[in-house]
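Notes follow the structure.
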Amino acid sequence: GPGEPRTKGTILLVDDEKSVRDLVRRLLELDGYAVVEAIDAEEALRLFGGADSALHLMVTDLSLPDLDGWELCRRIRSLQPTMPILVISGSFDLNTMLAANAPDVGFLQKPFAPEDLYRRVSVLLGRPPSK
């Protein structure tokens with residue numbers, strides 16, 4: 001209805017480092033997204049809660065305390081095959097590069113500029129970047 005806040009979508013943000021989570025959340029909120037946070041894969045999967053979830057995109061770090069980030073991606077994919085995923089990592093290797101070429105998967109290397117984050121998210125959500 002007219003009273004609801006208009007957001008561009010809801011993003012699930014998964015990172016065990018609070019400083020990183022806080023930064024990325026602030027950036028995404030500034031760009032008009034609602035953000036739901038998880039500190040590990042278990043919490044992410046619980047929040048995700050299946051295919052009727054109102055989440056539009058997942059942003060995840062690769063080094064999580066409980067599951068490898070790629071394994072989390074695979075599990076999310078099995079629950080909702082079309083869910084776009086943005087992987088953020090400080091390391092870059094061939095597997096990462098190959099996975100980043102999968103449809104609906106984006107890769108962002110740390111450290112990154114806010115504009116890079118906004119552009120990746122826009123593209124994954126099928127929107128032209130605003131700038």
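Numbers for the structure displayed
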item: Residue check for Leu30: in contact with a Ser or Thr (Cβ under 7 Å, 6 or more places away or on another chain) and either open to solvent by less than 60 Å² (accessible area, probe 1.4 Å) or farther than 23 Å from Pro81 by Cβ (or both); result: no
item: Filtered residues of the range 105-131 (kept if open to solvent by less than 80 Å² (accessible area, probe 1.4 Å), outside any helix (DSSP H, G or I) and at pLDDT 70 or above); result: Val105, Gly106, Phe107, Leu108, Lys110, Phe112, Ala113, Leu125, Gly126
item: Helices (runs of 4 or more DSSP H) contained entirely in the range 1-104, each with at least 1 residues that are at pLDDT 85 or above and within 18 Å of Val121 (Cα to Cα); result: 18-30, 69-79
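The values are calculated or read from the model by the stated rules, or taken from the named source; none is laboratory data. Model, not experiment: these values are computed from the prediction. For neighbour counting, all protein chains shown are included, and Cβ atoms are generated from backbone atoms with ideal geometry for every residue, glycine included. Note: areas computed on protein heavy atoms with side chains; ligands, DNA, RNA excluded. Shrake-Rupley method; radii C 1.70, N 1.55, O 1.52, S 1.80 Å.
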